[in-house]
Amino acid sequence: MEPRANFSVLHRACALVVALCTLHLSVMLLFYLRSTGDESEHAPPSPGNFTLRTLRKGHSVSTSTMTSTSTMTSTMTSTSTAIPTTQALEKCPDTSPLLVGPRNVNFSQTIDLNEMRQDPKVSVGGRYKPRECVSLQKVALIIPFRHREEHMKHWLYYLHPFLQRQQLDYGVYVIEQDGEDTFNRAKLMNVGYAEALKEYDYDCFIFSDVDIIPLDDRNTYRCFDQPRHLAVSMDKFGFRLPYNQYFGGVSAMSKEQYLKVNGFPNNYWGWGGEDDDIYNRVTFRGMSVSRPDGVVGRCKMIQHVRDNKNEPNPQRFDRIARTRQTMDSDGINSLTYRVVRTEKDQLFTKITVDIGKP
Ligand code: BGN
């Protein structure tokens, strides 16, 4: 009996050793498998994973980089629950959803611009761009100016909200003629074009009198396929065009259109004719004038007495008869002036210039 009992004890001990070995092997196998899984996470990542990590580290990826990298966008969408995402801004729509249509304006109310100056959306110099989308155009508003502070207040008061509802990326440039010599509206327009471009890569220019306020925000202050006349239906003219070729008050030209006509003429001193000259330039370069309809294009002019030193220019008839001969040598390519002073208000940039005299 004794050897049998010994054999049984030995058998049990062996079974225990085998069980322990199996357990040991299983545990080893388990650790091995887990460590292989971890390693695959640390292995050189696929482009998708790499992007995700980059984004996780720094959330300050610029918008433009995000839009141009499609893997980034798709990775972000699929893991959007885990990562705070910075939305890529889309282009603004052709028609802004913020438009309200016809609005009344009242020139008898006292304007206080200080509240408007507190608006954090407008940055110094009268610059604005929408936060909700990327504007379709970068628009510089050029306003020739002298001694019209009251009109300027009204313009700023009505136009800033108007342009913002149109979702434009814009800047306001008031170009003041220094001194008291005869006024030259067209030359100040050329100066505005040149000065605005030194600040920002504008692609559209709105040339506006300081006293004209549009009444309907569907009249978009932007550029079109053809040079655009915007002040088409003015109260002063019974809400209609005074004549078919009229291109005064407010007009819009893209950089390309403007350069094609060599800008405005520089030698119209005093009132009248310079807008007819640029109209001629437009047609001589094979372009036509586009306009909004007479309802959308309604606008009001602030009544005022004629400015000093802006008497009707007696030479204007002769000059507009010669546009074809003069337009290549008189314009943005022959512009000379001297900046006297630049002032940055919260709502506009005012550039005072010496443009000489007749
Ligand atoms: C026109 C003026 C324009 C002016 C409009 C509206 C001339 C040129 C000689 C025919 N043109 O008569 O400059 O914008 O009236 O006021 O004077």
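Every number in this text was worked out from the coordinates using simple rules, so none of it is lab data. Given the structure is predicted, the values throughout are model-derived calculations rather than measurements. FYI the Cβ positions are ideal-geometry reconstructions off the backbone, even for glycines, and counts take in every protein chain you see.
A few comments on the model shown:
- Descending by average beta-carbon neighbour count within 10 Å, the peptides 199-208, 302-311 line up as 199-208, 302-311, the highest first.
- Region 264-277 - phi-based ³J(HN,Hα) in whole Hz, Karplus 6.51/-1.76/1.60, Gly and Pro as x: 7, x, 9, 10, 9, 9, x, 7, x, x, 5, 6, 5, 5
- Part-to-part distance (alpha-carbon centres) for region 341-358 and region 286-335, which is given in Å: 21 Å
- Between Ala15 and Glu256, residue separation times 0.36 nm minus the direct Cα-Cα distance comes to 77.5 nm.
- Lys138 long-range amide H proximity, modeled H, under 5 Å: Asp203, Cys204
- Amide hydrogen neighbours beyond the local backbone of Cys299, cut-off 5 Å, H modeled: Leu215, Ser233, Met234, Asp235
- Label-to-label distance, Met287 versus Glu180, with points set 7 angstrom from Cα along the beta-carbon direction: 3.8 nm.
- Inter-label distance, Asp201 to Gln325: 4.2 nm, where each label sits 7 Å from its Cα along the C-beta direction.
- Local electrostatic count at Asp235 - Lys and Arg +1, Asp and Glu -1, tallied over other residues with Cβ under 9 Å: +3
- Straightening the chain between Val340 and Asp225 buys 37.8 nm, computed as 0.36 nm per residue apart minus the Cα-Cα spacing.
- The string of couplings for region 195-212 from the Karplus curve (6.51, -1.76, 1.60, θ = phi - 60°) is 6, 4, 5, 6, 8, 7, 7, 5, 10, 9, 10, 9, 9, 10, 5, 6, 9, 10 Hz, one whole number per residue in order, with x for Gly and Pro.
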